[in-house]
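What follows is calculated from the coordinates using simple rules that are stated; it is not laboratory data. Treat the numbers as computed from the prediction; the structure is a model and nothing was measured. Backbone-built Cβ (ideal geometry, glycine too); neighbour counts: all protein chains shown.
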Amino acid sequence: MFRALIATTALTALTAGSAFAQIQEPQPTLSLSATAEVQLAPDYAQVSSGVVSRADTAQAAMRANSQAMAAVFAALREAGVAENDMQTSQLSVSPVYSDRREPGQIELNIIGYEARNTVTAKVTDTDRTGAVIDAMVEAGANNINNVTFGSDNTEDAMDEARRQAIANLLAKAELFADAAGFELCGIRRMGEAHMGSPQPVMMRASFAEDMAATPVAAGQLTLNASVNADFCIAE
């Protein structure tokens, strides 16, 4: 009786295990990804510019730099840039070396000091970007790093890019199914592979003394969305 019970239990467990194995058998899937991009006009520009000063001593270099930068900040205010839209992004003082090379040795001597001060200014009227740059240069800025454009309102555009990416993904899945001769039975998994951010648009400028304002092209910002999904294939 006991042996019969053991045999019956083992047979039941084996049958259940086989059924479980059949249930867990991987179902054919189709894995795809798709992307989309949208463009929108920027609503602000960021200008990174400042002053590089040299002097015999670190104190003299910093003093000259501070005076020049005070004029740059004043020019920004005069050009309509708000205090909250100005931020110091670099401040440094470092020695300047002479590079004297002789056979078998290199001799470095300090011949002065260099002070750098850079401000990043947000220009909310992109049409005035060139005028702001000119105001900074006229005030004493001699080191313009770059100009980038951006937007504070990208959510709606980003959602539109996602919708287009999903539509592209579904269309691609239908194409695969039609070309390969199978049917899809649903989506098993879907995700976003990458959240796009506006690609910076660099400055295009020409510094000529007789020009009314430095020409700057704002262009368009591009946002990218990428989605992926696993589709189940009907057996």
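Scanning residues 5 or more positions from GLN90 or on other chains, those with amide H under 5 Å from its amide H are THR118, with H placed 1.01 Å from N in the peptide plane.
Which ³J(HN,Hα) values, rounded to whole Hz and listed in residue order, are derived for the stretch 131-137 from phi using the Karplus coefficients 6.51, -1.76 and 1.60 in 6.51 cos²θ - 1.76 cosθ + 1.60 with θ = phi - 60°, glycine and proline given as x? So the Karplus estimates, Gly and Pro as x, are 5, 5, 4, 4, 5, 5, 5 Hz.
Residue separation of ASN84 and SER66 scaled by 0.36 nm, minus their Cα-Cα distance, works out to 4.5 nm of gained length.
Within 14 Å, Cβ to Cβ, of LYS122, how many net charges do the neighbouring residues add up to if Lys/Arg are +1 and Asp/Glu are -1?
Values: positive: ARG77, ARG128; negative: ASP43, GLU83, ASP85, ASP125, ASP152.
Neighbourhood net charge equals -3.
Taking Cβ atoms as reference points and 14 Å as the exclusive limit, the residues near ALA139 contribute a net charge of -2, counting Lys and Arg as +1 and Asp and Glu as -1.
Amide hydrogen proximity for VAL96: with H placed 1.01 Å from N in the peptide plane, the residues at 5 or more positions away or on another chain lying under 5 Å are ILE111, GLY112, TYR113, GLU114.
More than 14 angstrom separation, counting every C-alpha pair in the stretch 60-137; what % is that? Could the numbers behind the result be given before it?
Values: 2055 of 3003 pairs.
In whole percent, the long-distance tail amounts to 68.
Could you give the length gained by full extension between SER151 and SER92, i.e. 0.36 nm per residue of separation minus their alpha carbon distance, to one decimal place? Working shown, then result.
On the way: separation 59, 0.36 × 59 = 21.24 nm, distance 3.02 nm.
Net length gain for the segment: 18.2 nm.
Here the Karplus relation 6.51 cos²θ - 1.76 cosθ + 1.60, evaluated at θ = phi - 60°, turns the backbone of the stretch 178-190 into coupling constants of 5, 5, 8, x, 10, 10, 8, 10, x, 10, 8, 7, 9 Hz, with x for every Gly and Pro.
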